[in-house]
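First the structure, in the form of C-alpha cells, and then the observations on it.
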Amino acid sequence: MKVAVMGVAGRMGQELVRAAHAAGCGIVGGVEREGSPVIGSDIGLVSGLPPLGVPVTSDAIDVISRCDGILDFTTPKATVEFAGLAANARAVHVIGTTGLSAEDEAQIAAAARHAPIIKAGNMSLGVNLLVALARRVAEALDEDFDIEIVEMHHRDKVDAPSGTALMLGAAAAEGRGIDLGKRAVRARDGHTGPRQRGDIGFATLRGGSVVGDHRVIFAGAGERVELVHVAGDRSIFARGAVKALQWGYGKAPGLYSMSDVLGL
Ligand code: NAD
C-alpha cells in the first residue's frame, strides 16, 4: 500500500511516519505547509528514522495523486483541502485532525461520497473502548447521575474541549437518549446557579507535556462511577491511524469511524 503523511514534521506527523514504516507500508510522500523549513529534507530523518529517500514537499496534489491512502493529522483548513484531493484521487483518507467546524464536517462528508474516509477525534484502541463504555454506562444510569467529562492536554493544544472529550460526550448523550448540542455545558464561570439535571459538563485543563488524559464521571447521590483513560505517548494514535488506513483500503466510499475499524 502506497501511503503519504500530511503535516509530516508535526508531533503526530513524525509518529505517523514511524508507525507506517514499522507496519511495512510504502511511504511515497510527506507533505508540509508552504514555507516550512523542512521542505526538501528526507522524511525519515525528519521523523528520527534512517533516510527513506523521500523528500518533504508542499505539493499535496502531486503526492495524493500518487498514493493509495493518506494519514492526516494537521489543521482543519488543510484537512478539508486534502479531503477534496483524496476524493478526486479515490485515495483512503484517515483524518485525526480535531477542532473541525460544522462547515468542515459537511465538506468532509461530501468528499466521503467519492472515497473512504476514516475520521476519529481519537485513534487509540483504549479511548474507543472508553467511548463504547461511556455509552453503555450512560444507558444504564439515569439522570440521578450527573455526567461530567474532564480532560487534560499539553500546553500547546489549540482547541477545547478536546476532540476525544466531545466524542465521549456524544457517546454519553447517545446512551442517555439526549441531544449533546442542547445539553452540553462547555464552560462555567462566576455565579452559574445550580447544575441543571441532565446536563453534560466539560472541564478543560492545559499544561506541560501531557499527551491526553480523559475522565468520564457519573456522579450520583453518595456514589460515583468514573471511567478513565491515560495516554502515555502519541504512538497509540499513530498505530491506530495506520490500522484504520489498512482497514479502509478497498472499502466502498463512505465516512467511517474507529468503532467500524475496531468492530466495537
Ligand atoms: P502539530 O502542530 O505538531 O502538527 C501539525 C502539522 O501540520 C505541522 O507540522 C504543520 O506545519 C502541518 N500543516 C499545517 N497546515 C498544513 C498544510 N496546509 N499542508 C501540510 N502540512 C500542514 O500538531 P499535532 O500535535 O501533531 O496535532 C495535529 C492535529 O491532530 C491536531 O488537530 C490534534 O488535535 C490532532 N490529534 C488527533 C489525535 C487523534 O487520535 N485523532 C491524536 C493527537 C492529535
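The values are calculated or read from the model by the stated rules, or taken from the named source; none is laboratory data. This one's a predicted model, so the numbers in the text were calculated from it and none came from an experiment. In this analysis, Cβ positions are derived from the backbone assuming ideal geometry, glycine residues included, and neighbour counts consider all displayed protein chains. The area values use the complete protein model at the heavy-atom level, side chains included, leaving out ligands, DNA and RNA. Shrake-Rupley method; radii C 1.70, N 1.55, O 1.52, S 1.80 Å.
Just name the residue that is farthest from the chain's Cα centre (by Cα) out of those in the range 120-140 that are open to solvent by 40 Å² or more (accessible area, probe 1.4 Å) and modelled with pLDDT of 95 or more. Explain how you work it out, then say what you get.
Step one: filter the range 120-140 for residues open to solvent by 40 Å² or more (accessible area, probe 1.4 Å), giving 125, 129, 133, 135-136, 139-140.
Going one step further and asking which of them are modelled with pLDDT of 95 or more, we end up with 133, 135-136, 139-140.
Details: 133: 18, 135: 18, 136: 21, 139: 24, 140: 27 Å.
Step by step, filter the range 120-140, then rank; the result is 140.
Please work out which residue is farthest from the ligand (Cβ to nearest atom), limiting yourself to the range 53-77 and to residues that are surrounded by fewer than 21 Cβ atoms within 10 Å (Cβ to Cβ) and polar (S, T, N, Q).
Applying the filter and picking the extreme gives 65.
For residue 40, indicate whether it is more than 10 Å from the ligand (Cβ to nearest atom), open to solvent by less than 30 Å² (accessible area, probe 1.4 Å), farther than 20 Å from residue 234 by Cα and not hydroxyl-bearing (Ser, Thr, Tyr).
Details: more than 10 Å from the ligand (Cβ to nearest atom): yes; open to solvent by less than 30 Å² (accessible area, probe 1.4 Å): no; farther than 20 Å from residue 234 by Cα: yes; not hydroxyl-bearing (Ser, Thr, Tyr): yes.
Criteria not met by residue 40.
Quickly run through the range 66-82 and pick out the residues that are of a type in the set (A, V, I, L, M, F, W, C) and in contact with a strand residue (DSSP E or B) (Cβ under 6 Å, 6 or more places away or on another chain).
67, 70, 71, 82 - these are the residues of the range 66-82 that are of a type in the set (A, V, I, L, M, F, W, C) and in contact with a strand residue (DSSP E or B) (Cβ under 6 Å, 6 or more places away or on another chain).
Got a sec? Which of 167, 152 is modelled with pLDDT of 95 or more, buried (at least 16 other Cβ atoms within 10 Å of the Cβ) and over 15 Å from residue 199 (Cα atoms)? Before the answer, list the steps.
Details: 167 fails: modelled with pLDDT of 95 or more.
Only one candidate qualifies: 152.
List the number of the failed condition for residue 85; all other conditions in (1) open to solvent by 40 Å² or more (accessible area, probe 1.4 Å); (2) assigned to a helix (DSSP H, G or I); (3) within 15 Å of the ligand (Cβ to nearest atom); (4) not hydroxyl-bearing (Ser, Thr, Tyr) hold.
Failed condition: (1).
Out of all the residues in the range 215-229, is one or more under 21 Å from residue 13 (Cα atoms), open to solvent by 70 Å² or more (accessible area, probe 1.4 Å) and at pLDDT 95 or above? Before you say what the answer is, go through the steps one by one.
Taking the range 215-229 first, the residues under 21 Å from residue 13 (Cα atoms) are none.
No; the residues of the range 215-229 include none that is under 21 Å from residue 13 (Cα atoms), open to solvent by 70 Å² or more (accessible area, probe 1.4 Å) and at pLDDT 95 or above.
When you go through 238, 219 one by one, which is the residue that is over 15 Å from the mean Cα position of the chain (by Cα) and either outside the structural domain of residue 163 (by the TED database) or in contact (Cβ under 8 Å) with a residue 40 or more places away in the chain (or both)?
219
Please work out if residue 48 is at pLDDT 95 or above and either within 11 Å of the ligand (Cβ to nearest atom) or open to solvent by less than 30 Å² (accessible area, probe 1.4 Å) (or both). Talk me through it step by step, then tell me what you get.
On the way: at pLDDT 95 or above: yes; either within 11 Å of the ligand (Cβ to nearest atom) or open to solvent by less than 30 Å² (accessible area, probe 1.4 Å) (or both): no.
No.
Check off (1) open to solvent by less than 20 Å² (accessible area, probe 1.4 Å); (2) aromatic (Phe, Trp, Tyr); (3) away from the ligand (no atom under 16 Å from the Cβ) for residue 202 and give me the number that stays unchecked.
Against the list (1) open to solvent by less than 20 Å² (accessible area, probe 1.4 Å); (2) aromatic (Phe, Trp, Tyr); (3) away from the ligand (no atom under 16 Å from the Cβ), residue 202 comes up short only on (3).
Could you check the range 88-106 and list, in sequence order, the residues that are buried (at least 21 other Cβ atoms within 10 Å of the Cβ) and more than 14 Å from the ligand (Cβ to nearest atom)?
Correct list: 91, 92.
Kindly establish whether residue 80 is touching a residue at least 24 places away in the same chain (Cβ under 8 Å), buried (at least 18 other Cβ atoms within 10 Å of the Cβ), more than 17 Å from residue 238 (Cβ to Cβ) and assigned by the TED database to the domain that holds residue 197.
No; evaluated as a whole, the condition is false for this residue.
Name the single residue, out of those in the range 174-187 being closer than 13 Å to residue 161 by Cα and part of a loop (DSSP other than H, G, I, E, B), that is most open to solvent (accessible area, probe 1.4 Å). Don't jump to the end; show me each part of the working.
Looking only at the range 174-187, we keep the residues that are closer than 13 Å to residue 161 by Cα, and these are 184-187.
Next cut, part of a loop (DSSP other than H, G, I, E, B) only: 186-187.
Values: 186: 128, 187: 82 Å².
Going through the qualifying residues, I end up with 186.
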